[in-house]
Amino acid sequence: MELREKVDVCVVGAGHAGCEAALACARLGLETVIFTVSVDSIALMPCNPNVGGSSKGHLVRELDALGGEMGKNIDKTFIQSKMLNISKGPAVHSLRAQADKAEYSRAMRKVLENQEHLTIKQVEVCELLWQELKDPNKKATKKITGLKTFTGSIYECKAVILCTGTYLKARCLCGEAIDYTGPNGLKAANYLTDSLISMGIEMRRFKTGTPARMDKRSIDFTKMEEQFGDERVVPFSFSTNPEDIQIDQVSCYLTYTNEKTHEIIRNNLDRSPIYAGIIEGTGPRYCPSIEDKVVKFADKERHQVFIEPEGLHTNEMYVGGMSSSLPEDVQMAMYRTVPGLENCKIVRNAYAIEYDCINPKQLYPTLRFKDVEGLYSGGQLNGSSGYEEAAVQGLIAGINAAQFIFEKEELVIDRSEGYIGVLIDDLVTKDNFEPYRMMTSRAEYRLLLRQDNADLRLREKGFKVGLITEDQYNAIVCKKNMIDNEILRLKNVKIGASESNQKFLEKYGSSSLKTGVSLAELLCRPELNYNILNEIDKERKQLPDDVIEQVEIEIKYEGYIERQLRQVEQFKKMEKKKIPFDLDYDDVPSLRIEARQKLKAFHPISVGQASRISGVSPADISVLLVYLEQKRK
Amino acid sequence: MNTDTIAAIATAMSNSGIGIIRVSGEEAIHTVDLIYRNKKGERVLTNFKSHTIHYGFIYDEDEIVDEVMVSLMKKPNSFTTEDVVEINCHGGIVVINRILELVVKNGARLAEPGEFTKRAFLNGRIDLSKAEAVMDVISSKNEAALKNSIKQLQGSVYKKIKKLREDIIFEIAFIESALDDPEHISLEGYTDKLYGKINDLIDNVNKLLSSAENGKIIKEGIKTVIVGKPNAGKSSLLNILAGEEKAIVTDIAGTTRDALEENINIGGISLRMIDTAGIRSTEDIIEKIGVEKAKKYVEDADLIVYVVDSSVPLDENDFEIMKLIENKKSVILFNKSDLDADISPDELKDKIKDNAVVIKTSTKENTGIDKFEEAVKKLFFSGSISFDDEVMITNLRHKEALQDTLFSLKQVKKSVEDEMPEDFFSIDLMSAYASLGKIIGEEVEEDLVNEIFSKFCMGK
């Protein structure tokens, strides 16, 4: 007789997606079990030792605004922090922190272990249990009922969230040496794929890679540029008090490859599993291996190499920018051509990893499988890459599994509301043939989607779902009011062309006044800022820094923000045109065959989503609009 | 389903030599087959190959209605991509209507305005700008407009706009990829390059926009208003140009009480000429309304023809007219040159703005009219009208989209001048890209499709 348990939610995998999914469900009061092949590898960072970075930093802040854990966890465990791109516009400012990997993992495990309603279980999940669904009012033909573990136990549940990362049928490649394991030699999960296939789920195979880790004592840092953290650290989490995290920081180092490095790589390309055709999976174009870079940017004389500490209590250093699947001997030769690495000793070799994932077009933007009620998935299984990308998907999948169980409206963040929306919409709508990485350029409305206003954008949604407390929500309402009032005040306070005011302007190299202007108009001048204006702003009340930041951005870039808001208005019109899920595309006259097939297979939720499906042309959308309009009448 | 069979008369409703009835849809061939017989009296239409034309007769029961040529275009190679049959019959209104009735009786329904083109568009046969051009072909009033519409139909607007969009998206792509991969793609010195390119783009859009002015004139004709004191010879001028007595001409000042409108074709350009009541202070109520109207017409006009009676001295009425037309393109006709002059052209020129053209005419003796025609051409097309290599924008929607494009491009220019960070440029570049896309149907706009098709006239 096998063991039988009855719970609400099962989360498969305890990486960055799984942790967020499980915490969200448990925090919303659902009995949740999180399965992992190794409890010691909860929230493992098997690749880069940092969180955030360009556009990924946005994701973490949005996750935090919604009630996720990653931002809080990195605030507890970072060892260096930096706001990137500060020479550019506020839209592309992005926070990145170096993590103490072991501490990060340990801290997250502690949160999970102490979370009410959450159970951690170390066992491999082998099979999903489901029933046929014969409800003509539902699009799905199946319904999830539970899962089965390697040891034969059955967990009955209402929802399953798959967050299997890179573990499904994983194999690691280091040149000719191939090992059938997950990352870091952890056990691969070899059974679940077949269960998914038997449910009619379409699988694909992706690959990704990681560089070598080196012994700090073997590196000559004097030949590299030292990279410091920011003097004033900005926290990731809106709940972290900035004063609590002004710590002593460690340094990273920058060095470069050279022609010699590239020559070694070129001469050994035939021994690279990718170029030799041993790897079948597709790798990420935007996080390329050093082999890929040398081939793709053949005219570049050098590439950046960042040497980053893996933690405070280890000598291991991560060699950022040089991931590779070349054999060990080639790796050693290639790394040793880099200034500072001439005598390097490699602790862990660079390797590529290949794994099974799903075609995410099978998912709704809620991250539920279209065909299976109660089955959700997040993270690298959905074809993304990166910790942050995984975490936000885990959170959204977790929230929506809970909403489904509570029979409440599911949460979909659209492209104009967050990078999370862009990420998920891209994944479930567009053709992705490689691991998807978040990038600034993917967000069309990025001036509105800044990392500094993620709380203003998303706190309310988090509150409605139940992951944000009333106090936290009230704080954001209060912040919003302070911002609006201050903007209004600055627009109304007039500064006259008095002698003292002219002198003040002269001091800051700003042209003199001919007539009176408002403080807001002065704030628009590039050479002036809110703090400088304090001198001539008599009625000013003391405001929190984050309020001042918003006031300044809103006023300085008002015209751009307004124009972007108009673009969003256009976008929303199409998003609001919902397509009934029972729409029979065969009834829509004059759709081109390709579009008809795509739409039938896809079932977009709105005309807006339909318009982003490749193979559906604007003319098809016109046809669809006309049809929906006629049907409405 | 929308593929029911539709029919309409595809030629203008007049007693012309030939009329065409077009039938399109799944049942098109079957429907016409029911009423068409070859000269031996056999039902044979379904046997014919696509893209063939056949001699025969249309029958109503056993009675021959008309002798016709029937052409057959099977799907998908037809204008609508559906089965299309066209019946070329004799063009009398009675005959053509009777055949249409027969077609409808046998299973087709009357097409809605623009429905053929709507189907062509919805079936992916033509893009939005082509669909609009078809509409223009149908309603074109003159040769120049027709030529331009046909050019649009061939996609000249499409090509031009597409090129501009490609240029814009190239810049966006460059900026964006540099944002995401600063290590390999550098923006150093890029802004200077971009500045030049934006200026080029602005030039190009401006050119298209100025063609919109010409385009409107070509399509709709030059809105021309004839003004002058009562009895200066305004109505006579209209009659000479129109070649018929449209306006009542008497020697009594104030005969024309209301405005008359006439389409006049001179040298390939349409003038939409409006004859107005003479402008003078008057107590006569009806005439007074006419005068007020005349003033209003002047405000809206593209061209003012100011007819001056040279045989009487200038008075305050003339000065009022001169004030009225101050900022308008105008031609001054120094009329009644057959009579003894009381004023000289030079005297008039002194009083009026520099750029007005003064021409001596006599409407009575029909002299100076050729000079007038030349002056008009010169005013609007710098003397020569060349339609062959210019892409004309003739559509208000296109014009608005171009104005939006121009606005966005100017914002980019300003951002460069203000030394904004590069990531700001793409906001307005994207807007420009989207606005241009609306012209060629590569950006979908809500309700646009229905709006456009409601404007199509019957038959096409």
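The values are calculated or read from the model by the stated rules, or taken from the named source; none is laboratory data. What you are looking at is a predicted structure, and each value in this text was computed from that prediction instead of being measured. As a convention, Cβ positions derive from the backbone with ideal geometry for all residues, glycine included, and neighbour counts pool all protein chains shown. Just the protein is used for accessible areas: all its heavy atoms, side chains included, with ligands, DNA and RNA removed. Shrake-Rupley method; radii C 1.70, N 1.55, O 1.52, S 1.80 Å.
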Provide A:Thr222, A:Thr36 ordered by accessible surface of protein heavy atoms (probe 1.4 Å), highest first.
A:Thr222, A:Thr36
Skip the ligands, DNA and RNA, and give the accessible area per residue of region A:82-156 with a 1.4 Å probe, whole Å².
49
For the protein assembly as shown, which whole-number percentage of the solvent-accessible area (1.4 Å probe, protein heavy atoms only) is attributable to carbon and sulfur atoms?
49
Size of the dipole of the protein assembly as shown about the Cα centre, Lys and Arg at +1 and Asp and Glu at -1 on the beta carbon, nothing else charged, in debye to 20?
1460
Tensor-based shape of region A:491-580 (alpha-carbon gyration tensor, a/c under 1.5 rounded, otherwise prolate or oblate):
prolate
Sequence-distant or interchain residues sharing an amide H contact under 5 Å with B:Lys223, placed H: which?
B:Arg272, B:Asp302, B:Leu303
On protein heavy atoms with a 1.4 Å probe, the accessible surface that disappears when B meets A, both sides summed and given to 100 Å², is 3100
In short, region B:172-190 residues buried by 40 Å² or more of accessible area relative to the isolated chain (1.4 Å probe) are B:Glu176, B:Leu179, B:Asp180, B:Glu183, B:His184
Taking every DSSP beta bridge with both residues inside the protein assembly as shown, roughly what % is antiparallel (nearest 5)?
65
HN-Hα J in Hz across region A:347-355 - Karplus 6.51, -1.76, 1.60, θ = phi - 60°, x for Gly and Pro:
7, 10, 6, 5, 8, 9, 10, 10, 7
Between B:Val357 and residues 5 or more places away or on another chain, the pairs with built amide H atoms under 5 Å apart involve B:Ser330, B:Ile332
A:Lys577: which aspartates and glutamates have alpha carbons under 14 Å from its alpha carbon, excluding same-chain residues fewer than 8 sequence positions away?
A:Asp414, A:Glu569, A:Glu629, B:Glu445, B:Glu446, B:Asp447
Do you know which residues of region A:590-633 lose at least 40 square angstrom of accessible area in the protein assembly compared with their chain on its own, with a 1.4 angstrom probe?
A:Ser590, A:Pro618, A:Ser622, A:Val626
In region A:145-232, the GluC sites (Glu not before Pro) that sit in a DSSP loop and have at most 14 other Cβ atoms within 10 Å of their own Cβ are A:Glu176, A:Glu202, A:Glu231
Whenever you get a sec, line up A:Asp546, B:Asp192, A:Asp230 from highest to lowest accessible area (probe 1.4 Å, protein heavy atoms).
B:Asp192, A:Asp546, A:Asp230
Local electrostatic count at A:Gly320 - Lys and Arg +1, Asp and Glu -1, tallied over other residues with Cβ under 12 Å:
-1
Counting other C-beta atoms within 10 Å, and keeping those with at most 16, which DSSP coil GluC sites (Glu not before Pro) do you find in region B:1-110?
B:Glu26, B:Glu42, B:Glu61
Tell me whether region A:205-364 comes out rounded, prolate or oblate; compute the Cα gyration tensor, take square roots of the eigenvalues as a ≥ b ≥ c, and use a/c under 1.5 as the rounded threshold.
oblate
Residues of region B:29-121: accessible area per residue at 1.4 Å, in Å²?
47
In region A:190-277, which chymotrypsin sites (Phe, Trp or Tyr not before Pro) are in a loop and have at most 12 other Cβ atoms within 10 Å, using DSSP for the loop call?
A:Phe228
Centroid-to-centroid separation of region A:591-617 and region A:507-530 [C-alpha atoms, Å]
51
Taking amide H positions as placed 1.01 Å from N in the peptide plane, with prolines and chain starts having none, which residues 5 or more places from A:Trp130, or on another chain, fall under 5 Å of its amide H?
A:Thr145
State which entries of B:Lys160/B:Lys414; A:Lys6/A:Lys461; A:Lys370/A:Lys578; B:Lys349/B:Lys371; A:Lys143/A:Lys600; B:Lys296/B:Lys364 exceed 23 angstrom in Cα-Cα distance in the structure shown.
B:Lys160/B:Lys414; A:Lys6/A:Lys461; B:Lys296/B:Lys364
Going by the alpha-carbon gyration tensor, a ≥ b ≥ c the square roots of its eigenvalues, is chain A rounded (a/c under 1.5) or, if a/c is not under 1.5, prolate (a/b greater than b/c) versus oblate?
oblate
With T = 20 °C, eta = 1.002 mPa s and Kirkwood Rh from C-alpha pairs, the Stokes-Einstein D of the protein assembly as shown in µm²/s is about 61
Vicinal HN-Hα couplings computed from phi for region A:530-542 (Karplus, 6.51 cos²θ - 1.76 cosθ + 1.60; Hz; Gly/Pro x):
4, 5, 4, 5, 3, 4, 10, 9, 5, 8, 4, 9, 5
For region A:516-633, what is the largest minus smallest coordinate of the Cα atoms on each principal axis, given in angstrom and ordered from greatest to least?
69, 29, 25
In whole Hz and in residue order, list the ³J(HN,Hα) couplings for region A:287-295 that follow from phi through the Karplus curve 6.51 cos²θ - 1.76 cosθ + 1.60, θ = phi - 60°; x for Gly and Pro.
9, x, 6, 5, 4, 4, 5, 5, 6
Computed over region A:27-110: relative contact order in percent, which uses C-alpha pairs under 8 Å that are six or more apart:
37
Per residue of A:504-515, how many C-beta atoms from partner chains lie within 10 Å of its own C-beta, taken as a mean?
0
Inter-chain shielding of A:91-97 (mean C-beta neighbours from other protein chains, 10 Å cut-off):
2
Which order do the peptides A:25-31, A:379-385, A:46-52 come out in when sorted by mean C-beta neighbours inside 10 angstrom, highest first?
A:379-385, A:46-52, A:25-31
If you take each beta carbon of peptide B:426-434 and count the beta carbons of other chains within 10 angstrom, what is the mean?
4
Given an 8 Å cut-off on Cα distances and at least 6 residues of separation, report the relative contact order of chain A as a percent.
16
Going highest first, how would you order A:159-166, B:427-434, A:3-10 by mean Cβ packing within 10 Å?
A:159-166, B:427-434, A:3-10
